[in-house]
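Trainee: Can you keep this structure in mind? I'll have questions shortly.
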Amino acid sequence: MAQITLKGNPINTSGELPSVGSAAPEFSLTKSDLSDVSLKDFAGKKVVLNIFPSIDTAVCAASVRHFNADVDKMDGAVVLCISMDLPFAHSRFCGAEGLESVTSCSEMHKRGFAEDYGVRIVDGPLAGLMARAVVIVDESGKVIYTQQVPEIVEEPDYEAALKALA
């Protein structure tokens, strides 16, 4: 269990992020077109998992915009933006913003991602949602970078994530 904060108040997650060097847990998530996607669909590519509580908050929206802008700098990488939001909310947001370089994903069809990656918030006002984190998986399915953002209302370290992809 990781302890993070929400506006300075302690809250906890369901576990810890996968460790660097470990095999990334497989998952099945629902894209905004309602099709399912899994980690194995990206075999041979680096995968950036941008995990956050809700697309309908300013900081979460900023991270989706930022990774969308950075994806062109990520040679051979894809970005999955993952939250509990329904695919319709992801689609609405990305459509309104003109964001086409990231893949939005939800736990709509199948639960388990948040527990397997240790990011389910288990207490406090955001219980049930996902904590803000970044996990990067290499072409062979190994975790090469993680960041559990310690304060929910702060953005991830984009520069460190980009360095991990180099």
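Trainee: Pull out all pairs, ordered by first then second residue, where Cβ-Cβ is under 6 Å, the residues are six or more apart or on different chains, the first lies in region 72-90 and is touching a residue at least 40 places away in the same chain (Cβ under 8 Å) and among the β-branched types (Val, Ile, Thr), and the second is in a helix (DSSP H, G or I) and surrounded by fewer than 24 Cβ atoms within 10 Å (Cβ to Cβ).
Mentor: Hits for this filter: zero, empty list.
Trainee: I would also like to ask the following. What's the number of the only condition in (1) within 25 Å of Pro150 (Cβ to Cβ); (2) outside any strand (DSSP E or B); (3) touching a residue at least 40 places away in the same chain (Cβ under 8 Å) that Ala61 fails to meet?
Mentor: Exception for Ala61: condition (3).
Trainee: Go through Lys45, Lys31, Lys7 for me and flag whichever is among the charged types (D, E, K, R) and within 23 Å of Glu159 (Cβ to Cβ).
Mentor: Of the residues listed, the single one that is among the charged types (D, E, K, R) and within 23 Å of Glu159 (Cβ to Cβ) is Lys45.
Trainee: Out of Val134, Val119, which single residue is open to solvent by less than 40 Å² (accessible area, probe 1.4 Å) and in contact with a Pro (Cβ under 6 Å, 6 or more places away or on another chain)?
Mentor: Val134
Trainee: Out of region 12-39, which residues are surrounded by fewer than 16 Cβ atoms within 10 Å (Cβ to Cβ) and among the aliphatic types (A, V, I, L, M)?
Mentor: Answer for region 12-39, where residues must be surrounded by fewer than 16 Cβ atoms within 10 Å (Cβ to Cβ) and among the aliphatic types (A, V, I, L, M): Val20, Ala23, Leu34.
Trainee: Looking at (1) in contact with a Leu (Cβ under 9 Å, 6 or more places away or on another chain); (2) under 14 Å from Val102 (Cα atoms); (3) surrounded by 19 or more Cβ atoms within 10 Å (Cβ to Cβ), which is the only condition Phe42 fails?
Mentor: (3)
Trainee: Failed condition for Met1, given (1) touching a strand residue (DSSP E or B) at 6+ places or on another chain (Cβ under 9 Å); (2) modelled with pLDDT under 95; (3) open to solvent by less than 80 Å² (accessible area, probe 1.4 Å), with all others met?
Mentor: Met1 satisfies every listed condition except (3).
Trainee: For region 152-166: of the residues being closer than 17 Å to Ala61 by Cβ and not aliphatic (A, V, I, L, M), which is least open to solvent (accessible area, probe 1.4 Å)?
Mentor: Filtering region 152-166 for residues that are closer than 17 Å to Ala61 by Cβ and not aliphatic (A, V, I, L, M), the one least open to solvent (accessible area, probe 1.4 Å) comes out as Pro156.
Trainee: Let me ask something additional. Within region 94-116, track down each residue that is at pLDDT 95 or above and either among the basic types (Lys, Arg) or open to solvent by 30 Å² or more (accessible area, probe 1.4 Å) (or both).
Mentor: Residues satisfying the conditions are Glu115, Asp116.
Trainee: Ok, one more. From the set of residues in region 28-55 that are outside any strand (DSSP E or B) and touching a Cys at 6+ places or on another chain (Cβ under 9 Å), which is modelled with the lowest pLDDT?
Mentor: This residue is Ile55.
Trainee: Still on this structure: Out of the residues in region 73-93 that are in a helix (DSSP H, G or I) and either closer than 26 Å to Leu165 by Cα or of a type in the set (Val, Ile, Thr) (or both), which is least open to solvent (accessible area, probe 1.4 Å)?
Mentor: His90
Trainee: For residues in region 140-166 being under 13 Å from the mean Cα position of the chain (by Cα) and among the hydroxyl-bearing types (Ser, Thr, Tyr), which is modelled with the lowest pLDDT?
Mentor: So, considering only residues that are under 13 Å from the mean Cα position of the chain (by Cα) and among the hydroxyl-bearing types (Ser, Thr, Tyr), the one modelled with the lowest pLDDT is Tyr158.
The values are calculated or read from the model by the stated rules, or taken from the named source; none is laboratory data. A quick note: this is a predicted structure, and the numbers were derived from the prediction, not measured. Backbone-built Cβ (ideal geometry, glycine too); neighbour counts: all protein chains shown. All accessible areas refer to the heavy atoms of the entire protein, side chains included, with ligands and DNA or RNA removed. Shrake-Rupley method; radii C 1.70, N 1.55, O 1.52, S 1.80 Å.
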